[in-house]
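So the structure is just underneath, and the comments pick up after that.
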2 protein chains.
Amino acid sequence: MPEIQYFSKEITLSPQSEPAGKSFPAKLAYWTFGDVSNPAVLLPSCYGGTLATTTPFLYSTDEGNKPVFPTNKYFVIVTGLLGGGESSSPINAPEPWKAADFPHVTYEDNIRLQYALCESLGVKKLHAYIGFSMGGQQAYHMATLYPDFVEHMVCLAGSARTSWHNWNFLEGPRNALVHSIDFKEGRYTETPLRGQRAFMRVYSTWALSQGWYRQKCWEQLGFKTLEDYLEAGWSGEKADGNGLLALLWTWQKGDITLYHPEDKGDLAKTLGRIKAKCLIFPSRTDTYFPPEDNEEEVKHLKHGEFRCIETVWGHIAGGGGGTKEDTEYMKKEIARFVGAEYA
Amino acid sequence: MPEIQYFSKEITLSPQSEPAGKSFPAKLAYWTFGDVSNPAVLLPSCYGGTLATTTPFLYSTDEGNKPVFPTNKYFVIVTGLLGGGESSSPINAPEPWKAADFPHVTYEDNIRLQYALCESLGVKKLHAYIGFSMGGQQAYHMATLYPDFVEHMVCLAGSARTSWHNWNFLEGPRNALVHSIDFKEGRYTETPLRGQRAFMRVYSTWALSQGWYRQKCWEQLGFKTLEDYLEAGWSGEKADGNGLLALLWTWQKGDITLYHPEDKGDLAKTLGRIKAKCLIFPSRTDTYFPPEDNEEEVKHLKHGEFRCIETVWGHIAGGGGGTKEDTEYMKKEIARFVGAEYA
């Protein structure tokens with residue numbers, strides 16, 4: 001695992017951030033691979049993601065993976081979301097921004113920071129910006145905020161604006177945590193294990209589909225029972241409650257129309273402004289980024305393509321967490337879309 | 001509103017109940033309408049339901065409703081689930097069964113008690129047993145446990161066995177409540193408002209569909225914002241935490257195969273034993289009783305019919321909480337199925 005690099009910049013928090021317009025000493029965690037003279041590909045993290053878990057199937061050769069973007073042919077940048085634990089987050093921010101006092105940052109804060117990083121690296125244009133989930137939302141936000149900076153964007157199981165359904169789904173785990181016995185309004189001195197467990201258990205059912213449970217797919221992952229699977233992956237022990245809420249806030253407020261107040265919230269109009277070639281790529285059984293929302297988006301994109309992963313692995317298929325066939329399909333389609341050699 | 005009647009019986013808790021095999025002084029809350037000489041129709045309550053909210057569209061003439069089962073032609077029995085607040089429940093049970101010490105009762109306990117009530121009323125056969133959600137599950141359980149007692153059963157947005165997906169969805173609100181700051185392992189002396197709020201907010205997103213949110217259907221209910229809608233209907237103020245958990249336990253353990261251990265959990269086999277004519281009637285967009293599960297069930301029923309409410313009103317459409325058209329469609333199909341005059 002390469003050492004994490006940090007890009008530090010005093011940023012002015014966006015108009016939608018809380019507090020808005022304040023100066024904040026931001027630190028962006030990132031990795032780069034390869035030579036900056038090659039076409040640049042930026043891969044942003046998702047909810048709960050780290051640099052290491054951010055779509056390695058797209059660039060890594062670990063475990064025999066065949067990358068779409070081999071690092072001898074592409075300059076790969078992997079970035080961590082503010083709040084995600086590696087970039088500025090409740091667990092690592094300096095006073096007066098520590099823990100429960102971490103600011104509510106927006107996608108705009110994240111995207112402007114990533115853009116500044118790219119500038120500092122000497123990247124004039126991104127060949128591709130590809131993200132999963134909150135990463136897919138970042139792809140939309142980057143393509144809207146810097147329309148001339150991105151040639152290809154791929155939104156895997158994400159959306160241009162967080163739907164009301166998605167917003168309310170997130171209210172579930174949020175309420176479970178903030179009303180938990182050990183969260184203490186975020187002023188905990190020990191990890192709020194019960195609150196984080198409640199948060200994760202609420203979340204878990206949304207991440208996969210009805211069909212996944214029907215087929216007992218936990219058995220494919222080597223677990224005898226659903227309870228074993230949940231205990232291993234959804235107990236929340238390693239999380240940080242304030243971090244979970246920080247990212248969640250960013251997600252709930254995701255909305256590209258905010259960059260164009262003159263569009264008055266008309267998503268179709270703002271989508272029509274995007275210049276990048278867009279590949280909008282949901283999973284058929286995603287319960288909170290349903291493909292129907294993406295199909296509607298694509299109607300309004302200048303250069304939009306729609307592909308769908310036909311899978312029971314729900315939301316997580318979009319991050320490469322589904323079957324081998326699901327991931328292979330994504331890789332082939334992404335390679336075709338960006339014109340990469342891959343066969 | 002008629003006065004609630006109570007049928008009291010010392011019951012032996014079922015083999016799956018906790019504690020199993022113990023004697024419990026059960027009290028079944030019910031209403032009857034009409035004359036016992038007419039064909040009998042039993043309508044059981046759902047999760048969170050009361051006698052008053054239990055499918056009144058099927059029998060009531062209130063608010064201009066045209067009933068499928070007018071009470072001058074049918075003997076209508078409405079029953080409340082154990083744990084639902086009117087029948088024996090944590091809030092009304094005597095020592096040593098009060099509050100957090102309320103037993104974990106099963107559908108079997110409920111169904112045997114309902115059967116005993118029918119016997120005591122002189123009902124030899126049910127013309128129809130029709131329930132929504134947990135009521136639909138009760139319909140399956142009654143038809144399996146007393147195969148010669150039910151002529152027609154209608155399962156509205158329910159299932160014969162609680163799926164693993166459904167089980168895990170329920171783990172969400174359950175975890176939110178049991179880990180909440182004011183639940184105190186059920187030994188609260190004041191209503192655990194924060195825990196119940198968390199419970200309800202987690203639950204709310206599941207009750208409706210993605211499309212419902214996309215179309216902002218809360219506006220059709222007279223609410224300006226989603227938050228207004230949630231605050232009015234999903235704040236959990238009027239609930240009782242221990243009651244929520246008692247019912248949830250029954251639901252999570254729902255499984256008709258338990259009555260036939262020789263079927264070894266083979267649902268198809270147990271479904272094949274049901275003699276009643278069955279109308280299995282989900283909502284197209286139900287997120288936790290998905291129509292796919294019902295379609296599979298119907299394949300194995302001797303006399304099974306499948307109908308589906310084509311609606312964005314998700315689970316709650318099955319209880320008559322969707323559009324007027326949704327409810328009208330259900331009424332017509334139910335009338336046709338049981339041979340009732342209705343036009």
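What follows is calculated from the coordinates using simple rules that are stated; it is not laboratory data. What you see is a predicted model, and the numbers here were worked out from it, not measured in a lab. Neighbour counts run over all protein chains shown; Cβ positions are idealised from the backbone, glycine included.
For this structure, a couple of remarks:
- Cα gyration tensor shape of the stretch A:1-79, rounded if a/c is under 1.5, else prolate or oblate by comparing a/b with b/c: prolate
- Considered as an equivalent ellipsoid built on the Cα gyration tensor, the stretch A:65-148 has semi-axes of 26, 15, 13 Å, the largest given first.
- Loop-resident GluC sites (Glu not before Pro) (DSSP state other than H, G, I, E or B) in the stretch B:123-200 with no more than 16 further Cβ atoms inside 10 Å of their Cβ: B:E190.
- Exceeding the 24 Å Cα-Cα cut-off - candidates B:K253/B:K324; B:K9/B:K124; A:K216/B:K253: B:K253/B:K324
- Förster-model FRET efficiency, 41 Å R0, B:K216 and B:S23, C-beta, rounded to 0.05: 0.20
- Using every pair of separate Cα atoms, the Kirkwood estimate puts the hydrodynamic radius of the protein assembly as shown at 26.8 angstrom.
- Nm distances between copies for A:G222, ranked from closest, using label points 7 Å along Cα→Cβ: 5.7
- Amide H contacts under 5 Å for A:A93, placed H, 5+ residues apart: A:A99
- Cα gyration tensor shape of the stretch B:155-198, rounded if a/c is under 1.5, else prolate or oblate by comparing a/b with b/c: prolate
- Comment: the Cα-to-Cβ extended label point of B:L121, at 7 Å, lies 7.1 nm from its counterparts in the other copies, nearest first.
- Cα-based shape type of chain A, given that a ≥ b ≥ c are square roots of the gyration tensor eigenvalues and the cut on a/c is 1.5: rounded
- Centroid-to-centroid separation of the stretch B:128-200 and the stretch A:286-331 [C-alpha atoms, Å]: 33
- One way to sum up the overall shape of the stretch A:204-254 is the equivalent ellipsoid from its Cα gyration tensor, whose semi-axes run 27, 15, 6 Å, largest first.
- Placing a label point 7 Å from the Cα of A:D35 along the Cα-to-Cβ direction, the distances to the matching points in the other copies come to 9.7 nm, shortest first.
- Qualifying trypsin sites (Lys or Arg not before Pro) for the stretch B:296-325 [loop in DSSP, other Cβ within 10 Å: at most 12]: B:K302
- Under 15 Å, Cβ to Cβ, from A:S37 - net charge with Lys/Arg +1 and Asp/Glu -1: +2
- Think of chain A as having a plus end and a minus end, set by charges on the Cβ of Lys, Arg, Asp and Glu; of A:A143, A:N166, A:L81, A:A143 sits farthest toward the positive end of this dipole.
- Among the GluC sites (Glu not before Pro) in the stretch B:207-279, those located in a DSSP loop and surrounded by at most 11 other Cβ atoms within 10 Å of their own Cβ are B:E237.
- Beta bridges per DSSP with both ends in chain A, % antiparallel, nearest 5: 40
- FRET efficiency for A:K238 and A:H303, using Cβ-Cβ distance with R0 set to 41 Å, rounded to 0.05: 0.55
- The stretch A:156-257 - Debye-derived log10 I(q)/I(0), Cα point model, q = 0.15, 0.17 Å⁻¹: -0.70, -0.86
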